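**Q** Once you've had a glance at the structure underneath, I'll fire off some questions.
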Amino acid sequence: MAINSLVSPRLQRCAIYTRKSTQQGLEREFNSLEGQRAICSAYVTSQRHKGWAELAKHYDDAGISGATLERAALQELLGDVERGLVDVVLVYKLDRITRTLLDFVRLVDFFEKYGITFVSITQNFDTADSMGRLVLNVLLTFAQFEREIAADRIRDKFAIMKQSGRWSGGPAPMGYDLIRRRLHVNEAEAETIRQIFSRFLQLGTYEAVYRECRDQNVRSKRWRTRAGRTVGGGPITKAFVYHVLGNPIYIGEIRHRDVTYPGLHAPIVDRDLWSQAQALRTKRAARSRAGVGNYSLLTDLLHDSSGRTMSVKAYTSRYGKLYRYYASNQSGWGKRQRLKRLRCSADQLEEIVIAALRDLLANREQVRAILLGLGRCGKDVDEPAALGAAAAHRLSPGPRDRLRLMLNALVMRIEVSLERVKIVVRCSELERFLHWDGVGLFRGQKTDWGRIRNSHLLDVPAGTARYHRKLLMPLEPRRDGKGLKPVPGLQRLIREARETQMLADRERDKSLGELAAMMNVKADRFARLLRLNYLAPDIVAAIIDGAQPPGLTRRALIGANLPMDWALQRRLLGFPARATPEGY
């Protein structure tokens with residue numbers, strides 16, 4: 001007897017992706033994103049006999065161009081694909097997911113890797129068969145061609161307008177008003193521009209001009225947008241001063257790329273003043289390049305412990321030697337919180353970062369742990385881990401542009417505090433670096449950075465940063481005798497610790513056991529006494545003055561497994577957390 005059984009199709013989870021390039025119209029009750037989703041949802045319903053079911057989760061990117069893959073909803077969709085939560089990806093039209101052929105090839109490879117079906121509704125094809133993939137590539141090629149043709153038309157229009165001396169669009173620069181698409185001199189603002197040029201020649205630095213303008217409460221240009229909103233009018237910045245001094249618009253010319261053309265507007269600054277200012281700018285730029293160098297290894301990676309970015313700067317000592325250093329870029333909230341700027345020696349910090357990365361690569365145990373965290377096993381762990389020493393050697397000092405590319409790929413972020421340097425390493429790039437043969441340049445796969453989140457934290461105890469150029473060591477003031485209870489045993493321990501240090505310094509050729517015998521103590525106790533010399537200065541001062549916590553005894557202090565971190569020492573021994581001293 002034959003039995004007919006009905007086998008239901010396998011469930012296909014469908015994710016709908018929508019995108020709109022501008023924010024215009026999103027406030028409507030039924031906007032473009034909802035329209036795209038409704039059409040895709042109807043198509044999913046028509047394929048229900050194949051087991052298709054729409055996911056409730058929305059992947060919508062509003063006001064974002066399709067020229068890049070760095071879109072929040074798209075990266076979230078790719079992450080869900082990696083986690084196995086999606087079987088089919090649908091878009092209303094091909095250019096909704098990308099407008100570039102290269103990005104599309106990467107997406108198709110990614111979808112094929114995870115067995116994902118990609119469907120474009122209005123073009124009536126999917127990637128489940130070879131014909132769909134062929135049509136997809138052809139359509140995408142024409143979509144990219146159309147985009148590039150439109151961009152070429154716009155660029156050609158701007159070039160022709162500038163060659164004829166016309167303003168090509170956008171708000172008018174300070175010193176001019178835009179009237180019927182022509183620039184007209186605003187005398188009140190023009191006087192400020194002339195003052196910036198003349199004072200730059202007198203003072204010689206951008207910083208000095210900026211401070212003088214700030215003291216005089218010079219404000220940026222205010223203008224009204226087409227929507228009726230008033231924009232600008234805030235305090236000027238150092239970048240504004242730098243831009244003004246290099247803008248040929250103020251001598252009656254208009255710049256297009258590296259070429260300037262005579263403009264139809266009147267100049268504000270005479271050519272002699274302009275030429276003198278450009279000569280000074282050229283001289284300062286040459287001096288800056290000599291001091292900072294063409295490449296600072298940690299630019300764009302470095303932040304301080306408050307989250308502010310740090311940039312490289314240089315200064316010349318009175319002996320003519322140039323020094324590079326990284327300093328915090330002060331932010332608006334930082335000023336409101338009265339946070340000081342951190343600064344640290346550029347050479348010293350770069351050496352610490354490179355040394356920490358080399359130690360990580362050469363440490364087979366840590367490398368194996370990172371690879372296991374990426375889901376690797378067996379030969380995929382053993383073989384790369386064995387290459388760690390060779391990979392560490394590739395990070396040795398060499399051409400700075402080559403080293404900078406390696407650091408940009410391996411390191412996601414660096415945070416510097418007074419006592420620590422924290423380095424966030426990209427695990428996926430570290431795996432690629434282990435397999436790299438050292439030929440050519442090592443460039444990171446940026447398309448994976450927003451999607452692959454695996455990272456490893458290197459916490460290096462290094463006091464490279466400080467608040468001022470000179471290192472000021474804080475001294476604890478002596479406390480008065482009120483309420484203090486000195487413990488003779490604790491004070492004696494501090495004295496014994498200093499004696500052991502002096503003995504170890506004098507008798508460097510003797511072993512630990514011999515040194516301990518000279519003091520009539522056991523070797524373990526001698527080692528513990530020696531370690532007390534690394535106590536935080538405020539802890540030592542508190543013990544000498546008798547201001548130690550009540551629970552701190554001689555046995556507790558000598559038996560404590562003291563860390564090198566002063567903050568951890570205070571926590572372990574019962575001392576209160578200590579704020580950063582003024583002037584440190």
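The values are calculated or read from the model by the stated rules, or taken from the named source; none is laboratory data. Just so it is clear, the model here is predicted, and its values are computed rather than measured. Note that each Cβ is placed from the backbone with ideal geometry, even for glycine, and that neighbours are counted across all protein chains shown. These area figures cover heavy atoms from the full protein model, side chains too; ligands, DNA and RNA do not enter into them. Shrake-Rupley method; radii C 1.70, N 1.55, O 1.52, S 1.80 Å.
**Q** If I go through the range 147-181 residue by residue, how many of them are basic (Lys, Arg) and surrounded by 15 or more Cβ atoms within 10 Å (Cβ to Cβ)?
**A** 3
**Q** State all residues of the range 12-67 that are of a type in the set (A, V, I, L, M), in a loop (DSSP other than H, G, I, E, B) and surrounded by fewer than 16 Cβ atoms within 10 Å (Cβ to Cβ); if no residue qualifies, say none.
**A** 26, 56, 67
**Q** If a residue has to be crowded, with 18+ Cβ neighbours inside 10 Å and either closer than 15 Å to residue 21 by Cα or of a type in the set (Phe, Trp, Tyr) (or both) to count, how many in the range 74-99 make the cut?
**A** The total comes to 9.
**Q** Among the listed residues 261, 295, 315, 326, which satisfies the condition of being open to solvent by less than 30 Å² (accessible area, probe 1.4 Å) and either of a type outside the set (Val, Ile, Thr) or modelled with pLDDT under 85 (or both)?
**A** 326
**Q** Within the range 195-204, can one find any residue that is assigned to a helix (DSSP H, G or I), open to solvent by less than 60 Å² (accessible area, probe 1.4 Å) and closer than 21 Å to residue 177 by Cα?
**A** There is at least one residue in the range 195-204 that is assigned to a helix (DSSP H, G or I), open to solvent by less than 60 Å² (accessible area, probe 1.4 Å) and closer than 21 Å to residue 177 by Cα.
**Q** Filter the range 264-277 down to the residues that are out of contact with any helix residue (DSSP H, G or I) (no Cβ under 8 Å at 6 or more places or on another chain) and open to solvent by less than 80 Å² (accessible area, probe 1.4 Å), then identify the one that is nearest to residue 162 (Cα to Cα).
**A** Looking at residues that are out of contact with any helix residue (DSSP H, G or I) (no Cβ under 8 Å at 6 or more places or on another chain) and open to solvent by less than 80 Å² (accessible area, probe 1.4 Å), I get 266.
**Q** A further question on this structure: State all residues of the range 104-125 that are touching a residue at least 40 places away in the same chain (Cβ under 8 Å) and assigned to a helix (DSSP H, G or I); if no residue qualifies, say none.
**A** Result: 106, single match.
**Q** Moving to a separate point now. Does residue 357 satisfy being farther than 23 Å from residue 306 by Cβ, at pLDDT 90 or above, hydrophobic (A, V, I, L, M, F, W, C) and open to solvent by less than 10 Å² (accessible area, probe 1.4 Å)?
**A** The answer is yes for residue 357.
**Q** Among the residues of the range 118-131 satisfying the criterion of being crowded, with 18+ Cβ neighbours inside 10 Å and at pLDDT 70 or above, which is nearest to residue 74 (Cα to Cα)?
**A** The qualifying residue nearest to residue 74 (Cα to Cα) is 118.
**Q** Still on this structure: How about the range 417-451: which of its residues are β-branched (Val, Ile, Thr) and over 22 Å from residue 366 (Cβ atoms)?
**A** Scanning the range 417-451 gives 439, 447.
**Q** Name the residues in the range 100-114 that are among the aromatic types (Phe, Trp, Tyr) and open to solvent by less than 80 Å² (accessible area, probe 1.4 Å), would you?
**A** Hits for the range 100-114 are 104, 110, 111.
**Q** What are the pairs, 6+ residues apart or on separate chains, where a residue within the range 235-261 that is without any contact (Cβ under 8 Å) to a residue 40 or more places away in the chain and over 21 Å from residue 161 (Cβ atoms) has its Cβ under 8 Å from a residue that is of a type in the set (Asp, Glu) and part of a helix (DSSP H, G or I)?
**A** 238/207
**Q** Let me ask something else about it. Considering each residue of the range 553-571, count those that are within 43 Å of the chain's Cα centre (by Cα) and assigned to a loop (DSSP other than H, G, I, E, B), and give that number.
**A** Number satisfying all stated conditions: 6.
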